[in-house]
1. Accessible area per residue, 1.4 Å probe, Å², for the chain: what's the number?
2. By how many nm would the segment from Glu87 to Val192 grow when fully extended, if each residue of separation counts as 0.36 nm and the alpha-carbon distance is taken off?
3. So which of Lys122/Lys157; Lys63/Lys196; Lys53/Lys205; Lys102/Lys157 end up more than 23 Å apart, counting from Cα to Cα?
4. Once the Cβ-Cβ distance between Asp60 and Tyr154 is put in as r, and R0 is 30 Å, what FRET efficiency do you end up with, to the nearest 0.05?
5. With Cβ to Cβ distances under 14 Å as the rule, what net charge do the other residues near Glu77 carry (K, R +1; D, E -1)?
6. Report the convex hull volume per residue for the stretch 170-228, counting only C-alpha atoms, in Å³.
7. Could you work out the helix-only [θ] at 222 nm for the chain, with each DSSP H run of four or more residues adding -39,500 (n - 2.57) and the total divided by the number of residues, to the nearest 500 deg cm²/dmol?
8. Based only on the alpha carbon positions, what is the Kirkwood hydrodynamic radius of the stretch 112-255, in angstrom?
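The values are calculated or read from the model by the stated rules, or taken from the named source; none is laboratory data. Model, not experiment: these values are computed from the prediction. Cβ atoms come from the backbone with ideal geometry, glycine included; neighbour counts cover every protein chain shown. Note: accessible area is taken over every heavy atom of the protein model, side chains too, but ligands, DNA and RNA are not part of it. Shrake-Rupley method; radii C 1.70, N 1.55, O 1.52, S 1.80 Å.
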Amino acid sequence: MASQRDTSTICIFDVDGTLTAPRLKICPDMEEFLKKLKSKVHVGLVGGSDLVKIEEQMQDLEKNESVTKKFDYVFSENGLVAFHNGEKVGQENLLHYAGEDKLQEVINFAMKYMSEIVLPAKRGTFFEFRSSMINICPVGRSCSQEERLQFVEYDTKNKMREKFQAALIKEFPDAGLVFAIGGQISIDVYPVGWDKTFCLKFIEKGNYKTIHFFGDKTDPGGNDHEIFSDPRTIGHKVTSPDDTIKQVSELFFKD
Ligand code: M1P
């Protein structure tokens, strides 16, 4: 007899570095694994990226089905844009919340800071203004995959983003904004509280007994830290998509 789906448990996954390699597409093994997991428990995604990027990475191109319909919950921009069973259930607006003046101060400071550093490459789109956050990208979001990896190597050695993050925090201590190192090449800026714990307000409506969270950027300053350490979740730190499969298998597919 097929085992019943446990509707009192949900697994929430970060996307980049947890389900996929950073900014790359989901691999078939992971796709299969998530389908299998979905037959056991509820499954949700929470990414820092906007929905367009999460769709690019997670979409089942053969079926041309939106990612929002494939999982119980899909949260883009940390859950500030939220979907439940394919329906949009929430969307916040950074500009309304923070106001033009404050955002321009941050953008102007960041432009000045970035104009004074030399990197292995600088391309285009240094700021991406999303519904609920500003993504600041010193190499430029239009860089190639090769230039992305070149930046990662440079940043690992020189701690460029950590220094930039520290400068932003020092300049705007009371702005009510968080400056988080989310992915490989950028810094996310959003109001305090608009981190990934924001998605829990939707999850809580599902009355789950157990909420597992899996993410790779779980250390302080990383964009998985708050939800990983939130008392409402059981946090799991993973090191790669393969490690995610390993840890989830130990929890749900032991025999
Ligand atoms: O992993 C989530 C992050 O993904 C991208 O980061 P990067 O391009 O720096 O690797 C961005 O979309 C970022 O906002 C997001 O947090």
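1. 49 Å²
2. Stretched out fully, the Glu87 to Val192 stretch lengthens by 35.2 nm.
3. Lys63/Lys196; Lys53/Lys205; Lys102/Lys157
4. 0.30
5. -4
6. Dividing the Cα hull volume of the stretch 170-228 by its residue count gives 94 Å³.
7. Theoretical 222 nm ellipticity from helices: -10000 deg cm²/dmol.
8. On the way: mean 1/r = 0.0589 Å⁻¹.
When all Cα pairs of the stretch 112-255 are included, the Kirkwood radius is 17.0 Å.
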